[in-house]
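K.L.:
Structure provided below as structure tokens; questions to follow.
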């Protein structure tokens, strides 16, 4: 049943829409419409995501499109809704949560390059209150929206699984957080926004029928191999848990290798597809500090950088508990989790070997990796700049720019000798090429995001566009843009990012 009056004007984005998650039924969501924002304007747009969705050329030129992607005009063919889920927040059961600021617009029906049909869910973040807003206003502010937009695309540019962002639209409507700020909406895109917390919700409420329906939907849609595997005597739900564990392990290996801190790894912020999801108080490391806490709200350090792999496993254990009624045997559920403990270290070492230009494994590689990480931590050496300079050293043989980063020159020289000996039998050019493709020149540092935000608050969005262009291709040199790859200014350490948004 449509929520629209017959004379309501609608925007046609030129997309075909299909029903995926919505087929599960009303126990899983509440239908509602976004709340309009006055006088919307463009802040940032991703042409790459537009192409992936299949939006037509010039898609952004219509005022109707701008209004639609701010939640102020319905989109033809869609029936928006907000989903319900529960979860553990900072290690404590929080009960029912749900999409408090997110509204699912629908699933765009797209054709892949192979000609097969697929779907991408389109979701607005910040488009108004939902039944799950828990006293909040359902809005997002410009600063957090720009950060999510840029980081979604930055992670994709780095090759890390992530939700994507089509655009940010802004409005002069005011939203109160610590102070009055302007409102914005992020249009997010992903194959699915289903989280661990969706399963926890129905398990906690002993609604096994809905739990089974959700698991069957996700398995049949995204993990069909679990239906035919011989693992766990053909137990598809255990195989599903194992597959999610392995995807999550691979994701965490990529986070740790690139120096990415998520900041709020609650179970409701964990993707069932192993995607990076919910960009709140995130940060890419500046000086390497394994104990770094990027979330100002995280007073206990639960989500410190070096704790992320363990937290991911803890969250998977919560998912296992939720799936236990379907798996039927606790020992089988525990066995399904075990692959995380082997996949993560193997994947992490593989990522680190690539950063070191090592195409194959050899005895002593782990010591080489651990050795350089200890040196980086001891000197609080800038993580991204070190790896990029080491890559150029492999290309041109000049070690001085790398040595200059370390207070302990002797310690680094000793490590560099081991590193050089490891490469003695291989060609430097091949190693340098691998390193330059594995160690980005550009990451979304907090101060770069802050500068773009401050300019956008004055209606100058050029900085957002510039950063987007760099972050979409972070391994390229981008001549003339070295300032975006330099050391952070002193004031960068004073930036505080919290769960408030």
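K.L.:
So what are the radius of gyration and Dmax for the Cα set of the stretch 300-413, in Å?
P.N.:
Answer for the stretch 300-413, Rg first and Dmax second: 19.1, 60 Å.
K.L.:
Next up: Sequence gap at least 6, Cα distance under 8 Å: using those rules, report the relative contact order of the stretch 7-163 to the nearest whole percent.
P.N.:
24 percent
K.L.:
Mean residue ellipticity at 222 nm from the helices of the chain, using -39,500 (n - 2.57) per DSSP H segment of n ≥ 4 over the full residue count, to the nearest 500 deg cm²/dmol?
P.N.:
Per the formula, -12500 deg cm²/dmol.
K.L.:
Rounded to whole Å and sorted largest first, what semi-axes of the equivalent ellipsoid does the C-alpha gyration tensor of the stretch 357-491 yield via the square root of 5 times each eigenvalue?
P.N.:
One finds semi-axes of 32, 17, 12 Å for the stretch 357-491.
K.L.:
Which whole-angstrom value gives the distance between the alpha carbon centres of the stretch 32-56 and the stretch 246-307?
P.N.:
That distance is 27 Å.
K.L.:
Report the FRET efficiency, 1/(1 + (r/R0)^6), for residue 329 and residue 374, where r is their Cβ-Cβ distance and R0 is 51 Å, rounded to 0.05.
P.N.:
So, using R0 = 51 Å, E works out to roughly 0.75.
K.L.:
Per residue and in cubic angstrom, what volume does the convex hull of the Cα atoms of the stretch 197-350 have?
P.N.:
114 Å³
K.L.:
Based on the mean of other beta carbon atoms within 10 Å per residue, what is the order of 338-344, 141-147, most packed first?
P.N.:
My ranking of the peptides, most packed first, is 141-147, 338-344.
K.L.:
Moving on to the next point. Please compute the length gained on full extension between residue 92 and residue 496, using 0.36 nm multiplied by the number of residues separating them and subtracting their Cα-Cα distance.
P.N.:
143.1 nm
K.L.:
Taking the alpha carbon gyration tensor of the stretch 1-84, what are the square roots of 5 times its eigenvalues, largest first, to the nearest whole Å?
P.N.:
Taking √(5λ) for each eigenvalue gives 23, 17, 13 Å, largest first.
K.L.:
Taking the convex hull of the Cα atoms, report for the stretch 108-229 its projected area averaged over all directions, in nm².
P.N.:
Over all viewing directions, the stretch 108-229 projects a mean Cα-hull area of 10.6 nm².
K.L.:
Now for a separate question. If you take the square roots of the eigenvalues of the alpha-carbon gyration tensor of the chain and sort them as a ≥ b ≥ c, do you get rounded (a/c under 1.5), prolate (a/b over b/c) or oblate?
P.N.:
Judged from the Cα gyration tensor, the chain comes out oblate (a/c at least 1.5, b/c at or above a/b).
K.L.:
Report the relative contact order of the chain, percent, no decimals, based on alpha-carbon pairs under 8 angstrom and at least 6 residues apart.
P.N.:
Rounded, it is 15 percent for the chain.
K.L.:
Next question, about the same structure. Quick check: the angle from helix 208-222's long axis to the longest principal axis of the chain, C-alpha only, nearest 10 degrees?
P.N.:
60 degrees
K.L.:
Which whole-number percent is the relative contact order of the stretch 197-350 (Cα, under 8 Å, 6+ apart)?
P.N.:
Reported relative contact order: 31 percent.
K.L.:
Next up: Quick one: grab the alpha carbon gyration tensor of the stretch 188-257, order the square roots of its eigenvalues as a ≥ b ≥ c, and give me rounded if a/c is under 1.5, else prolate or oblate depending on whether a/b is larger than b/c.
P.N.:
oblate
K.L.:
Quick one: grab the alpha carbon gyration tensor of the stretch 435-474, order the square roots of its eigenvalues as a ≥ b ≥ c, and give me rounded if a/c is under 1.5, else prolate or oblate depending on whether a/b is larger than b/c.
P.N.:
In terms of gyration-tensor shape, oblate.
K.L.:
OK, next. Measuring from centroid to centroid over Cα atoms, what is the spacing of the stretch 130-194 and the stretch 64-82 in Å?
P.N.:
16 Å
Every number in this text was worked out from the coordinates using simple rules, so none of it is lab data. Just so it is clear, the structure is predicted and the values come from calculations on it, not from any experiment. Cβ: placed from backbone, ideal geometry, glycine included. Neighbour counts: every protein chain shown.
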